[in-house]
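As C-alpha cells, the structure follows; a few thoughts come after it.
Nothing in this text is a laboratory measurement; each read-out follows from the coordinates by a stated rule. Just so you know, these numbers come straight off a predicted model, no measurement behind them. Ideal geometry is used to build each Cβ from the backbone, glycine not excepted, and the neighbour counts take in all protein chains shown.
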Amino acid sequence: MMSLVPAGTISNLACVEEIWFFQNLFCYEGIKAHQIMDRNDGRESPPPFLLSRRSLVTEMPAAKAESMARPRWDIFCAVVDNFGDIGVCWRLAQQLAAEQNREVRLWVDHLESFSQLCPNISPEADQQQCGPIDVRHWPRHFPDAFPDAEVADVVIEAFGCELPARYLASMAQREVTPVWINLEYLSAERWVEDCHLLMSPAPRSRLSRHFFFPGFTTKTGGVLQERDLNRSRQAFTPAEATQFLTRMGISTPNPDGLLISLFCYENPALPPLLECWADGTVPVTVLVTPGFPSTQVSNWFQQELMPGQPLQHGKLTVCGLPFLSQPDYDRLLWSCDLNFVRGEDSFVRAQWARKPFVWQIYPQSENTHLFKLDAFLGQFLRDFPQSAAVERFWQAWNGVGEISLAWQDFREIRNSLQEHTEVWACQLDRTGNLADNLVRFVRGKS
Ligand code: TRH
C-alpha cells in the first residue's frame, strides 16, 4: 500500500522549483497526489504541492492549442497495480477517438493488464493498432531518438505517471508547446473543486502542466461516460440480459431472489456476508469476478470456484466469472440487482448502471481512504432519507462496523435506493462527461 507524507513537511514550500521537485519525488516514491491528506485533524485537504501552488498560479500564455489538422493526443499510462489505471485511460482514448475525432496514441507500460480487459491487445507488440487507437508499449528506456515532430498537440499524463524525460524535452522544443494535462484520480472531496484546472509551470522550461480532476460536480472534470452509454443500457432488454448471463455460463436466476455481482479487494467483511446470505430467507446468486473475490469465495466454500460450476450453500449460490471485456462488464452491471464494485472505473460504471451498488474504496495507509468514502457518501446520499442504512453497510464493507446487521437494514431499503440511484445518475449526467470537458478545456487554450 502507499506511504503517506505528512502535509506539514512540504506545505510551506516557497518556490515553484521546489514544488516541481517534490511532486516528482512523490511520483518516484509511488505516492499518489490524491492519497495525501492532512492527518493532524482528519480534515480533507488538497495535496500539499497543490496547496502551495495555489498562490503561485499564473495565467497561461495563449497559443497553446491543438493543431488545425486532426488534433493529436498522447496518453501516457503507467499501471500501478490492478486494472483501474488502464481501464480509465483506455476508455478515455476510445472516447477521444470515436466521439471527438482526435488522433490518439496510448502509451502503456504493462500490456498484460491491458490485454485482460481488451482481448484484442497483444501483450508482446511494441506498437499495434486497436480500432482507431495507436497503442504503444511504453518502454522502460524511452527511445533517445524520439523526434520532436512526433510529440502530440495534447499530452495526458495519467495519474501523475511521470512523462519520459526524452519526451518532455521534445515537448519543450515544439514551436507551439503542447497542452500538458495531468489527469488525476477521482474523488468527491471538496478541495478537488479548488484544484481542478490549476496550472504549474515547469522550472527552466517553456512547459506548464494543468491538473484535471474528475469529480461529481460541475466545478470538476466530471466522469467518463460514452455518449451512447445511456441508449445502450436502455436498449438492453431483460431477454438480452438472460442471453448474456447464459453466455457467461449462468443459468436463469431465481426471479424472487437477488442477483449480485461481486468485484472487490481482499475483504474481511466478505466471509461473514456470505454467511448471512447462506443463512438468509431470500435466494441470493452471486456472480464472482476472478482474483481476490474468487479466491475468498473458494476459501469460504473450501472448494475452488470455477466458471460454469456453481457452488451452493443454504440460500446462497455462487457462480465464477471469467475476466470480462469492458463492454461485457457493463452488461454484467446492468443485469444484476446489486453490484459490489471497487477502485475507480467500476465504481463509476456502477453509477451509470443505475442499480444499487456498494463501493470498496482502494485502501490506503492509515485509513486515509475512509475520508474519501465519507466524502462520496455525503454527496451521493445528500437527499436520501434512508442514508444511514447505506452508510452503515458501505462502512462495514470497508472495515468499519459489523456487516451482518448492516446487511439486514440495507436489504430492506434496496427498493428506495434503486430509485435514488436513478436520480443520482441523472444528476451526474448534468456534470458533462470527462472527455467532452477535457476537449473543451483544451480548446479554451487556443
Ligand atoms: O482494478 P481496480 O482496483 O483499479 C484501481 C483503482 O483504479 C485505484 O484507484 C487505483 O489507484 C488502482 O487501481 C491502481 O478497480 P477499477 O478502477 O474499478 O478498475 C477495474 C477495471 O477493470 C474497470 O475498467 C472495469 C474492468 N473490468 C473488466 O473489464 N472486466 C472484468 O471482468 C472486471 C471485473 C473489471
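Some observations on this one:
- Using C-alpha pairs below 8 Å separated by at least 6 residues, the relative contact order for region 325-446 is 21 percent.
- Among beta bridges from DSSP that stay inside region 229-429, the antiparallel ones total about 20%.
- Cα centroids of region 311-360 and region 191-228: 29 Å apart.
- Using the average count of surrounding beta-carbon atoms within 10 Å as a protection proxy, the listed peptides 202-210, 73-81, 96-104 rank, highest first, as 73-81, 96-104, 202-210.
- Total formal charge among the other residues, if their Cβ is under 14 angstrom from that of MET248, Lys/Arg +1 and Asp/Glu -1: -1
- Between the C-alpha center of region 253-269 and that of region 365-382 there is a gap of 22 Å.
- Signed unit charges on C-beta, dipole axis of region 229-429, positive-most listed residue VAL286, PHE347, THR242: THR242
- The listed peptides 347-358, 262-273, ordered by packing as a protection proxy, come out as 347-358, 262-273 (highest mean of other Cβ atoms within 10 Å first).
- Cβ-based charge dipole, region 229-429, positive-most Cα from GLN296, CYS319, LEU370: CYS319
- For ASP109, the residues 5 or more places off, or on other chains, whose built amide H falls under 5 Å of its own are CYS77, VAL79, TRP138.
- Extension gain from GLU162 to THR217, taking 0.36 nm per residue of separation minus the Cα-Cα distance: 17.1 nm
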